[in-house]
Amino acid sequence: MAHGTATVVSDGPTGPRHTDSPIIETRDLHKHFGQVRALAGVDLSVPPGITGLVGANGAGKTTLIRLLLGLTAPTSGDVAVFGAPVSRDAAGLRAKIGYMPEGSCLPRDQTAADFVAYAAELAGIPPAEARRRASETLFLVGLHEERFRYLGDFSTGMQQRVKLAQSIVHDPGLVLLDEPASGLDPAGRDQMLEVIDRFRGFGMNVLFSSHLLDDIEQTCDWVVMLDGGRLLRSAPLDPPADGAAVSVEVFDDPLPLVAALTAAGIEVTHADRVVTAVSPTEDVFVAVRNALAASGSSIRAMGADLSSLEDVFMAATRESNG
């Protein structure tokens, strides 16, 4: 279940925390690799909180993360983190960002405690403090007893937790997670998502890349959808208050229903043939009934929670592809 975005103004040791300002901004962002278009004209303004970055493999998710880290430069356009252009001081920004890569990257002949402490030292933390933080961070991700074992003996789930620990040990203001639940069984996925959800209590902003839409719905406040390098949607994921929204799927053109609801003063969004009406002050079911009668629309389904994130993603993909 998505959570409301916190607005807490304070600065951590390595960078800004939750503020009203966007954490990530891009403008007309393009990235090409030869003839391959990885990103095409992406305009983003991502608020504080936990944001899901969704799309199929090859949608441009990893490319966007690499651009945010300054590990590759845009073909054209601008990208900023914490209001600062990445191109101005990529190394300085990386000190404020944690990164959990998707692929296998851990040294097999080091213990978890040694590796995470080393990651902390790379961020400029003194050795004694680095070891203390490593111990605390590994405990946070559920690896307390195991922290002195060699990484080569770890299961896939345990290795994912170590990668997560090294991404947050230096207390970053933003954490970039590239498919953090990749390769995990259902129980391991749930545990990973629970840990990520706890980050909001520590004031960490998260960009969480996944092709598993259920994971995004369970964890995130905001969602960014990419398809073929194009931005499909960037919007909050919070559901309206109970009883304040009704979704209707119509058989034909949804625009007459949208017009009737709008004329009645009801806030409306629609994706493909699914129309969602929101009103915190009126009986929205009555408003929808009246609008259906006025517009002559024929309904296929109606309910308080008709559209899942997958429905929205598929509808946005169809609309984008014409």
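The values are calculated or read from the model by the stated rules, or taken from the named source; none is laboratory data. Keep in mind that this is a model prediction, so the values were computed, not measured. With ideal geometry, Cβ positions are generated from the backbone for all residues, glycine too; neighbour counts draw on all protein chains shown. Just so you know, the surface numbers come from the protein's heavy atoms only, side chains and all, with ligands and any DNA or RNA stripped out. Shrake-Rupley method; radii C 1.70, N 1.55, O 1.52, S 1.80 Å.
List of remarks:
- Assessment of segment 222-240 against the conditions (aromatic (Phe, Trp, Tyr), in a strand (DSSP E or B) and open to solvent by less than 30 Å² (accessible area, probe 1.4 Å)) yields no matching residue.
- Selection from segment 1-55 of residues that are open to solvent by 30 Å² or more (accessible area, probe 1.4 Å), modelled with pLDDT under 50 and in contact with a strand residue (DSSP E or B) (Cβ under 8 Å, 6 or more places away or on another chain): 3, 5
- Candidate set from segment 246-277 (those that are assigned to a strand (DSSP E or B) and free of Cβ contacts under 8 Å to residues at least 24 places away in the same chain); member that is least open to solvent (accessible area, probe 1.4 Å): 268
- Scanning segment 169-199 for residues that are open to solvent by less than 10 Å² (accessible area, probe 1.4 Å) and over 15 Å from residue 212 (Cβ atoms) turns up 169, 172, 173, 174, 175, 176, 199.
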